[in-house]
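The values are calculated or read from the model by the stated rules, or taken from the named source; none is laboratory data. All figures in this text were calculated on a predicted structure; none of them were measured in a lab. Cβ sites come from the backbone with ideal geometry, for glycine too, and all protein chains shown count toward neighbours. Heavy atoms of the whole protein, side chains included, go into the accessibility calculation; ligands, DNA and RNA do not. Shrake-Rupley method; radii C 1.70, N 1.55, O 1.52, S 1.80 Å.
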Amino acid sequence: MKRFDKGYIYSSLLADLFYSLVTVFIFLNDFFLSEESNPDDISAAIPFFVVGYIVIFMCFVAYRILFYRTSGYELTDNEIKCNRGVLFRKRSVLEYKKVHAINKKQNIIHRIFGIAILTVDSGSANTSHQAEITIIEKSNVVDALLEELNSLKENGVRGGEVETKKEEVLLSDKDSLYRFTSAKKMLYTLFNIASTAFFTAIFALLIFTVIGICKALVQLDTLGTWGEFFLYSVLITAGGVLLFSFLSFIGSIIHSFVGYYDFSITKRDQNIQISYGLLEKHTNTFSYDRIKAVKISQGFVQRILGFASIKLEVIGYTVDSGDDSKNADIGVLVPFCKYSEIGEILGKVLPDYIPAEKQTSSVSFFPFISWFLLIFGGISGIVLSGTVAVMSVLGAPFAATATVALAILGVAVIVILFKTASALLSYRNNGIASLDGKLTVYSGGFNRSITVFKAKNLIAVENVTTPCRQRRGIASVVLHLRTNEHSNEIKVDIQKDSLSGELEKLLTL
């Protein structure tokens, strides 16, 4: 069995230098340093920090060496084998014909030492929390293994004649149909934060209005100390929201230009490969027949201006993470495109997943908002009455109590208005279409989602209703798909009660 490349040890220890420093600081900070510490105390603690750092780093060194010596892989005639682990050793065996996803990952530290990580997955939901096979090798070796495994999973046997297949590159950065240029990345960034900016602008307008009123009342000495406290609270809240919006903008720019650097999609027969990233380069390869669903997402501003993004979900797909809800989402197929181009793009890459026009619609508006009004109204009433009671007990001036009460009512009214707008959009968006063994589900409020999947991946239909809605012949329908445990539901709200029965017929196909 061949061991992993030694570059694993060096790259891991480079990162462990930082982890050791953080670990020793966390463990020793409370013992030696406090607010009362003086320079002599800090000087006396330095040797303990140094010794602790060395001990922790040597533990990392020992672990990395042991992992290297106990881990490796082997390609036999019919299967790939992998051993890894130190305290808890794992041995995995996967037949070539059962391979469905092959993924290459390479971060900036890996590039320094010329290595990459290759993960191989069978698509089993039972192992969706981590990759079944992990290989750490030189980058060129990983590239060769990726190509070889792509061929072996079609042939099932190693060593035979492998037919050379012509590769068709689709939607790459150089393709005329779709180019994710710098201009599109900047526009994509602006769209990502547009909704946040929109709500922030409304919030800022309300804040400035409240500040103006509070300032005038404070100057007139109507509210006294309570008014000053309220004014400062509003200023702190406004500053926090504006700072969050600014950081979101910076983060979106970094994600767009660094995360989607050199973005490309490649299709070879029944295999699709997605490559992207600058600091961490990802190359994800998976089988066409393992796609569970295609999701088309539109934010509120994107809908107004006619743009969208396209994502994929793959059965049993893993990104070597413990979060199953994250594992189900392989990521972006097309980060940013015009909504009118979706049919053309999917027609070239995934022709079986072109969305169909909505055939059903929501049949009643009030259920979209009834529960919210009941719960939020009750909570708002309790908060309002409790606040007024407390301020009265504390002897607050009537003007201060009235101002706070009006502020709570104003916030409640604004929240209800936004929820009403979202419910109205949900009422118009929700629906479903069934055509040629394919289901298209429309859902969402401010953010619209269109999910397209094959009927063969539908494993259960759930009818959700109440006695009142049942008498009116309406219900919500939850569709359960064949995928990972925590991400297998799509809900269509407030449809005709007979819809679930019609969808249940698809379970027998």
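Okay, residues lined up against (1) closer than 22 Å to Ala15 by Cα; (2) part of a helix (DSSP H, G or I):
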position	(1), (2)
Leu87	yes, no
Val93	no, no
Lys105	yes, no
Thr134	yes, no
Ala144	no, yes
Ser151	no, yes
Glu154	no, yes
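(1) modelled with pLDDT of 70 or more; (2) of a type outside the set (A, V, I, L, M); (3) assigned to a helix (DSSP H, G or I): which one isn't true of Phe230, the others all being true? Condition not satisfied by Phe230: (1). The single condition from (1) of a type in the set (S, T, N, Q); (2) touching a Leu at 6+ places or on another chain (Cβ under 8 Å); (3) surrounded by fewer than 15 Cβ atoms within 10 Å (Cβ to Cβ) that Thr403 fails is (3). A Cβ distance below 8 Å, combined with a sequence gap of six or more or placement on separate chains, defines the contacts here; from segment 300-311, residues that are in contact (Cβ under 8 Å) with a residue 60 or more places away in the chain reach residues that are charged (D, E, K, R) in the pairs Arg303/Arg448; Phe307/Lys338. The listed residues are Tyr63, Tyr73, and the only one of them that is more than 22 Å from Glu313 (Cα to Cα), assigned to a helix (DSSP H, G or I) and under 32 Å from the mean Cα position of the chain (by Cα) turns out to be Tyr63. Might you check whether a residue that is touching a residue at least 24 places away in the same chain (Cβ under 8 Å), out of contact with any strand residue (DSSP E or B) (no Cβ under 8 Å at 6 or more places or on another chain), among the aliphatic types (A, V, I, L, M) and open to solvent by less than 30 Å² (accessible area, probe 1.4 Å) occurs anywhere in segment 430-438? No, the conditions are met nowhere in segment 430-438. For Tyr442, the criteria (1) open to solvent by 30 Å² or more (accessible area, probe 1.4 Å); (2) outside any helix (DSSP H, G or I) hold in every case but one, which is (1). Contact map, segment 136-149: residues that are touching a residue at least 24 places away in the same chain (Cβ under 8 Å) paired with residues that are open to solvent by 10 Å² or more (accessible area, probe 1.4 Å) and aromatic (Phe, Trp, Tyr), Cβ distance under 7 Å, separation 6+ or inter-chain. Pairs shown: Ile136/Tyr8. Pick from Leu149, Leu118, Leu87: which is modelled with pLDDT of 70 or more and more than 30 Å from Leu279 (Cβ to Cβ)? Sole residue among the options that is modelled with pLDDT of 70 or more and more than 30 Å from Leu279 (Cβ to Cβ): Leu87. Among residues of segment 374-400 being in contact with a helix residue (DSSP H, G or I) (Cβ under 8 Å, 6 or more places away or on another chain) and assigned to a loop (DSSP other than H, G, I, E, B), the one that is least open to solvent (accessible area, probe 1.4 Å) is Ala396.
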